[in-house]
Amino acid sequence: MKLRAVKGTADRLPADQPRWHHLLDVTSRVLGRAGVQEITPPVFEFAEVFERSVGEAADLVVQKEMYTFDDRGGRRLTLRPEFTAGVLRAYAEHGMHTWPSPVKLWSHGPAFRAENVQRGRYRQFHQVNVEIVGSPAPVADAEAIALFVDVLRALGLRGVRVALGSVGDPEDRARFNAYLRDALEPHAAALTETSRGRLRLNPMRVLDAKDPGDQALVAPLKRPLDFLNPAARGHFDAVAACLDAWGISYAVDPSIVRGLDYYRRTAFEIHAEGIGAQSALGGGGRYDGLVAQLGGPDVPGIGWALGIERVLDALDQAGVARAAAERPQLYLVAMDDEAVVEAAGLARTLRAHARVEHGYTKRAPGKGLRDADRAGAVYAGLLGGRERAAGVVQLKHLASGIERQVPFADLPALLAIEPSPSDPDGFAPTAAATASDAA
Ligand code: AMP
């Protein structure tokens, strides 16, 4: 059998790296300026961490999607399907409730779910995750949503849809679930098997059904927002008022439910057009009670996760230019055998100043220049017997074709020159002249 990557996983090739790094750099800057600190939890945890967090009424679907296995010590472990449970386990374990409150944490990395693979739905995917732990105030909910929007804006993504809802307090959920059971049980036979399972365990999730028949059955029913108690309603209105005050547009979506039991009150999703059926870039909500469920103190919190693959897809669809790899500033060509080691050694020294590459075998000048061009270099530097004798490199600015001899000692100054808008390659005939004049 030909070895291939497992279905639902993908190699991130070199050409794809710059836009990932760019996304993470921008995210780190936006979140860092808001006092959100980075935390890196392990990729796997005791299965119990996730089992406790999803709760008893957890969807069968959620349970089945987890990659759980026994290790050689007989411990039941799970590859994280999401970040929240692990981050809050860490919050409890490290006593973060004694830190200045709220504790704002972000993470990024892979998450794993055994899902049906399609565009935007993979088995190993990647998330950026944010948690704001310790504040019950609506302003924390609004800040969480605003940070999500700010990250997308800083990446250059406009026109996303923010959908805001509330699942209420546990009593509200219980009343809503009871209402749904009463309303849907008489039609249970007409529901899909998935929805029937949800109706039994977590009726609210029937609202997420994709099947048109199921959708038709739930269409006329009331929504979670119709069941809010006055305090939860007040909280919802206060979150909306913050977003209004900050000029963040959103649409109230009475139907939003969250898959996991631990969510309370605020629930939100952010969608983008043009990325297929899986249009959610991310979502989140408030989870008062979850930290306690994971063995910590009873502190409230709110968080969200975004799917990096989906955000990158949305950026492509929106025509936002991809971040490109840094080009080599110089590519050294060895024109005789002796120059091979020399070029590699010179490259090593010059790397203190710029990205420098070199060939590994001797090359005729024409071929060497082609190598430099293929490497995307700004300059090619030719090294052979004559250059060695004179202590110079024959430097060619590839875009303009201009050549000159540059003494070894002048190369660092030349390589350090910043490209300017009028001279995007940092074209340096004058700079080279200046450098050698100065020498
Ligand atoms: P969730 O934790 O299910 O709310 O997911 C948060 C976000 O992660 C989603 O909105 C997606 O952008 C992304 N996501 C979730 N599951 C997957 C998956 N299987 N493949 C790719 N992205 C996903």
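Each reported figure results from applying straightforward, stated rules to the coordinates on display, with no laboratory input. Keep in mind that what you see is a predicted model, and the values were worked out from it rather than measured. Cβ sites come from the backbone with ideal geometry, for glycine too, and all protein chains shown count toward neighbours.
Observations, loosely collected:
- The sum of -39500 (n - 2.57) across all DSSP H runs of n ≥ 4, divided by the residue count of the chain, sets its helix-only mean residue ellipticity at 222 nm to -11000 deg cm²/dmol.
- Look at the alpha carbon pairs under 8 Å that are at least 6 residues apart: their mean separation over the length of the chain gives a relative contact order of 15 percent.
- Sequence-distant lysines (8 or more away, or on other chains) whose Cα lies within less than 26 Å of LYS362: LYS396
- Hypothetical label at GLN278: residues of segment 105-126 whose amide nitrogen lies under 13 Å (7 Å Cα-Cβ projection): 111-126
- Proportion of all alpha-carbon pairs of segment 254-359 beyond 23 Å (%): 60 percent
- Distance from segment 111-132 to segment 264-320 (C-alpha centre basis), Å: 11 Å
- Taking a straight Cα-Cα cut-off under 18 Å and skipping sequence neighbours fewer than 8 places away in the same chain, the lysines within cross-link reach of LYS7 are LYS64.
- C-alpha long axis of helix 17-33 to longest principal axis of the chain, angle in °: 60 degrees
- Kirkwood-based shape ratio for segment 66-182, expressed as Rg/Rh from alpha carbons: 1.02
- Checking every one of the GluC sites (Glu not before Pro) in segment 29-121 against DSSP loop status and a limit of 13 other Cβ atoms within 10 Å picks out GLU56.
- Mean projection of the Cα convex hull over all viewing directions, computed for segment 1-150: 12.1 nm².
- Applying a DSSP loop filter and a limit of 14 other Cβ atoms within 10 Å to the chymotrypsin sites (Phe, Trp or Tyr not before Pro) in segment 332-413 leaves TYR360.
- Cα long-axis angle, helix 308-317 against the chain (0 to 90 degrees, to the nearest 10): 70 degrees
- Cβ-derived FRET efficiency at R0 60 Å, ARG374 paired with HIS97, nearest 0.05: 0.60
- When only Cα pairs below 8 angstrom with a gap of at least 6 residues are kept, segment 187-300 shows a relative contact order of 16 percent.
- Viscosity 1.567 mPa s, 4 °C: Kirkwood-radius Stokes-Einstein D of segment 166-222 over Cα pairs, µm²/s: 115 µm²/s
- Cβ-derived FRET efficiency at R0 22 Å, PHE46 paired with ALA174, nearest 0.05: 0.15
- Projected label points at ALA324 and MET1, each 7 Å from Cα along the beta carbon direction, are separated by 4.1 nanometres.
- Using the Cβ-Cβ distance between SER28 and ARG348 with R0 set to 30 Å, the FRET efficiency from 1/(1 + (r/R0)^6) comes to roughly 0.50.
- Stokes-Einstein diffusion coefficient of the chain, Kirkwood radius over Cα pairs, 10 °C, 1.306 mPa s, in µm²/s: 63 µm²/s
- nm² value of the averaged projected area, convex hull over the Cα atoms of segment 169-259: 6.3 nm²
- Estimated distance in nm for a label pair at ARG388 and VAL341, the labels positioned 7 Å out from Cα along Cα-to-Cβ: 1.0 nm
- Nearest 10 degrees, 0 to 90: helix 365-374 Cα axis against the chain principal axis: 20 degrees
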